[in-house]
Amino acid sequence: MPAKKKRKLRVDFRKNRERRARLGDLTRRAIDSLEQPAGPDAFDTHEAVSGKGDLSRRRTVIGTDDGGGVVRDVDPSKCLRGRVLTARGLHALVRGEDGNRYECTVRRVLRTMSREERNAVVAGDVILFQPATEGQGVIERIEPRAGTLSRTSKGREHVIVANVDQVLVVASAGEPALKPNLIDRFLVSAAKGNARAVICVNKSDLSDPAGLEPVAGTYGRIGYEVVFASATQGAGIGRLRALLKNRQTVLAGQSGVGKSSLLNAIEPALELSVSAVSRWTQKGRHTTRAATLIELGSGGWVVDTPGIRQLDLWDVLPEEVEGHFVEFRPFVTLCRFPDCTHTHEAGCGVKQAVRRDLVSRMRYDSYVRMTEGE
Ligand code: GDP
Ligand code: ZN
């Protein structure tokens with residue numbers, strides 16, 4: 001459980017204690033900024049990152065936002081549970097636990113309790129609602145959020161999806177070439193957001209299997225599942241479908257690695273499902289598309305957020321990086337200096353472990369690049 005892992009980190013690493021304190025500050029600042037009304041840019045579709053400049057202005061981060069949900073005492077016997085597929089102001093399209101879709105409004109008292117009207121409910125929220133006639137309903141309670149995805153735009157942070165519990169990190173065996181460093185960055189981002197991560201290496205048809213074994217070995221040893229897939233040849237699709245089942249997953253990965261192709265292979269009725277939801281979204285006065293959940297036939301959701309697929313979910317401070325390289329832990333205690341950064345210092349237990357092949361050189365190189373904050 002992520003919560004447990006967090007507690008353990010606090011005990012083991014002094015650095016991480018500082019990190020948590022910092023995270024708390026960030027979260028508070030995020031909450032403060034949520035109190036400001038959202039500008040018209042809240043759901044800007046032009047999020048695809050083309051260059052470094054854009055990256056620093058508009059970051060998308062996974063984080064925890066425990067205070068985000070609004071819990072209110074209601075009579076559960078009159079309510080259904082549901083999940084918000086997409087939200088538009090104070091209206092939400094909800095999938096009820098009875099399998100039906102409902103167009104819901106948000107109960108007035110929740111609007112005043114929530115920090116920001118525009119974000120009273122977001123895609124992914126788990127809610128209690130009172131069903132009314134003709135597929136309508138009123139949202140009575142929003143459960144506390146975990147694993148939120150938020151976007152910083154012009155210094156303000158907006159929650160765009162709640163309850164993300166998994167990141168599927170997609171890379172490709174070729175065209176574009178596999179970049180372990182990029183995989184590692186996504187893994188750290190997911191860990192920071194307390195989301196589980198699974199690695200998929202797509203386009204395995206473009207590479208000799210022997211060339212991919214070291215990748216599987218490296219990540220397998222540190223506890224990540226690696227799925228080799230080929231969207232065009234149908235390889236690995238069954239396994240991916242099983243991994244996505246009953247979870248709420250964000251796909252992360254460089255453009256062109258085959259995320260859309262994989263989604264289409266996993267969910268053949270994808271286009272249909274997406275268009276039904278976007279028809280509803282477009283009824284609003286905002287023509288830009290909000291984050292939506294794509295429902296998978298086998299149960300579970302994939303988060304579809306304009307621009308997010310290409311985005312680097314990177315928002316981790318250099319000093320936070322070490323705590324997310326789990327395989328360093330046994331060796332950190334062997335470092336001569338308690339504040340060792342495992343880069344230039346003598347007597348470093350981590351560097352020694354790399355020399356002895358106990359820690360992957362590839363992973364260590366990623367670590368160094370990340371701490372340099374490149
Ligand atoms: P995205 O940008 O990550 O969503 O990538 P796309 O799904 O748009 O795929 C980019 C290109 O890679 C397209 O031309 C696909 O046809 C191709 N592609 C996707 N999956 C595979 C695969 O498994 N093998 C090969 N050879 N090409 C693939
Ligand atoms: Zn060290």
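Nothing in this text is a laboratory measurement; each read-out follows from the coordinates by a stated rule. Computed from a prediction, not measured in an experiment: that's the story for all the values here. Heads up, the Cβs are rebuilt from the backbone with ideal geometry, glycines too, and the neighbour counts pull from every protein chain shown.
All other residues with a Cβ under 14 Å from the Cβ of Thr218 taken together, and with Lys, Arg as +1 and Asp, Glu as -1, what is their net charge?
-2
Rounded to the nearest 20 Debye, what is the dipole magnitude of segment 187-255 about its Cα centre when Lys and Arg each give +1 and Asp and Glu each give -1 at the C-beta?
400 debye
Compare the Cα positions of Ala195, Ala177, Tyr224 along the charge dipole of segment 172-224 (+1 at Cβ of Lys, Arg; -1 at Cβ of Asp, Glu; about the Cα centre) and return the one farthest towards the positive end.
Working it through, the farthest residue towards the positive pole turns out to be Ala195.
Give me the net charge of Pro268's neighbourhood, meaning all other residues with Cβ under 14 Å from the Cβ of Pro268; Lys, Arg count +1, Asp, Glu -1.
-2
Using a cut-off of 14 Å between beta-carbons, work out the net charge of the residues near Gly347 (Lys and Arg +1, Asp and Glu -1, Gly347 not included). Mind showing how you got there, number by number?
Details: positive: Arg336, Lys351, Arg355; negative: Asp339, Glu345.
Once all neighbours under 14 Å are counted, the net charge is +1.
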